[in-house]
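First up is the structure itself, then whatever we jot down about it.
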Amino acid sequence: MKTTAASHLFVRTIAITTIATAALLLSGCSLLNQVTNTTQRDASGTPTAANSDADVFSIKVGDCLNDATASGAVTTAPIVPCSQPHDSEAYKSIIMADGDFPGDDAVTSQADEGCAAAFPDFVGISYDDSHLNISYYYPTSDSWTNGDREILCTVYDDGVKTTGTLKGAAR
């Protein structure tokens, strides 16, 4: 079989077009997921409807979650309006300094300290005097490489669903 410069150009064009189309389709799936996996919010940003598969990076301070069974690395979280029974509430965002990933121990240490320090301002009493608990979402080494620097503190009443906010609950 004989090849010509024109046939090489044609094959190359087909290869580039195929790669570009595949990249567009893959990014389209990701974009479609972001569009269809959004949480409905009012003008103030408060969720107005439950989203059982919200992207974990869409959680905002003030959001309420049904995340009692969440563990390990998570990519989605169930956000619900705080007027509905829920497991936890996001109350503080801590942005870590840029640089190399500091390691899991350093991240969780900063989360423990930062979330406990912010607790009294939100709940109204010190963490040690409260029967409420804290947890947090935090960067992993993988999410860090994608620019994730946020520790998101949550407060919850162990084994009890809350309706409404725990802001100022003083318990």
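The values are calculated or read from the model by the stated rules, or taken from the named source; none is laboratory data. On a predicted model such as this, the values are computed, not experimentally measured, just so you know. Cβ placement follows ideal geometry from the backbone for every residue including glycine, while neighbour counts extend to all protein chains displayed. To get the accessible areas, we keep the full protein, side chains included, count just its heavy atoms, and leave off ligands, DNA and RNA. Shrake-Rupley method; radii C 1.70, N 1.55, O 1.52, S 1.80 Å.
Residue pairs whose Cβ atoms lie under 7 Å apart, sitting 6 or more positions apart in sequence or on different chains, and linking a residue in region 96-109 that is under 13 Å from residue 140 (Cβ atoms) to a partner that is open to solvent by 80 Å² or more (accessible area, probe 1.4 Å) and assigned to a loop (DSSP other than H, G, I, E, B), are 107/138; 108/138. Residues that are under 16 Å from residue 164 (Cα atoms), over 13 Å from the mean Cα position of the chain (by Cα) and acidic (Asp, Glu) within region 35-88 comprise just one, 87. Looking at region 117-131, is at least one residue under 18 Å from the mean Cα position of the chain (by Cα), hydrophobic (A, V, I, L, M, F, W, C) and crowded, with 18+ Cβ neighbours inside 10 Å? No, region 117-131 contains no residue that is under 18 Å from the mean Cα position of the chain (by Cα), hydrophobic (A, V, I, L, M, F, W, C) and crowded, with 18+ Cβ neighbours inside 10 Å.
Residue 61 meets all of the listed conditions (1) among the aliphatic types (A, V, I, L, M); (2) touching a helix residue (DSSP H, G or I) at 6+ places or on another chain (Cβ under 7 Å); (3) modelled with pLDDT of 95 or more but one, namely (2).
The set of residues in region 31-53 being open to solvent by 60 Å² or more (accessible area, probe 1.4 Å) and either touching a Cys at 6+ places or on another chain (Cβ under 6 Å) or at pLDDT below 80 (or both) consists of 31, 32, 33, 34, 35, 36. Look at (1) open to solvent by 70 Å² or more (accessible area, probe 1.4 Å); (2) farther than 19 Å from residue 67 by Cβ and you find that residue 144 fails only one, number (1). For residue 119, the conditions (1) out of contact with any strand residue (DSSP E or B) (no Cβ under 9 Å at 6 or more places or on another chain); (2) of a type in the set (A, V, I, L, M, F, W, C); (3) over 24 Å from residue 55 (Cβ atoms); (4) assigned to a helix (DSSP H, G or I) all hold with the exception of (1). The residue pairs whose first member lies in region 155-171 and is touching a residue at least 12 places away in the same chain (Cβ under 8 Å) and farther than 18 Å from residue 68 by Cβ, whose second member is assigned to a strand (DSSP E or B) and hydroxyl-bearing (Ser, Thr, Tyr), and whose beta carbons are closer than 8 Å, counting only pairs six or more residues apart or on different chains, are 167/91.
Among the residues of region 92-109, those that are open to solvent by 20 Å² or more (accessible area, probe 1.4 Å) and touching a Phe, Trp or Tyr at 6+ places or on another chain (Cβ under 8 Å) comprise 92, 101, 108.
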